[in-house]
Amino acid sequence: MCHLSSFIGALKITWLKNLLDASYRSNWKTLVTNTQPLFNQNMFWSLNQNSFNLLLPKITNLFWKDVVTSWGDYVHRQSARTE
């Protein structure tokens, strides 16, 4: 049996991966990038936990806020593993 919250988090991160993938084309991606200009492909993957805390209040869409929170949680868990 899989860990359900980890599975849901991974699904949310997949949305972010598709959004930030330059080769992925879709109408929903155009809509999101036009309405949420904070998603910058070049800087997003290198954000640390403090950067996420500054970015989250600027995201107005609750779904994307949840997606970014999932990515931040993943980054935090990975950095805790390596310390």
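Values quoted throughout were computed directly from the atomic coordinates according to the rules given, and no laboratory measurement underlies them. As the structure is a computational prediction, the values presented were derived from the model and not from experiment. Positions of Cβ are backbone-derived with ideal geometry, glycine not excepted, and every protein chain shown enters the neighbour counts.
Arranged by the count of other C-beta atoms within 10 angstrom, fewest first, what order do His3, His76 take? Write down the numbers at each step before the final one.
Details: His3 9, His76 13.
Listed from fewest to most nearby Cβ atoms, that is His3, His76.
In whole percent, what relative contact order does the chain give with Cα contacts below 8 Å and a gap of six or more residues?
Relative contact order comes out at 39 percent.
List the residues whose amide H sits under 5 Å from the amide H of Phe39, counting only those 5 or more places along or on another chain, with H placed 1.01 Å from N in the peptide plane.
HN-HN under 5 Å from Phe39: empty list.
With the Cα gyration tensor of region 4-82 in hand, convert its eigenvalues to equivalent ellipsoid semi-axes via √(5λ) and list them largest first in whole Å.
20, 14, 12
I'd like the FRET efficiency for Thr82 and Ser26, computed as 1/(1 + (r/R0)^6) with the beta carbon distance as r and R0 of 30 Å, rounded to 0.05. Working shown, then result.
Values: r = 34 Å, r/R0 = 1.12.
So the FRET efficiency works out to roughly 0.35.
Which ordering of Ser70, Ser46 is given by a fewest-first count of other beta-carbon atoms within 10 Å? Intermediate values should be presented prior to the final figure.
Details: Ser70 21, Ser46 8.
The most exposed by this proxy come first: Ser46, Ser70.
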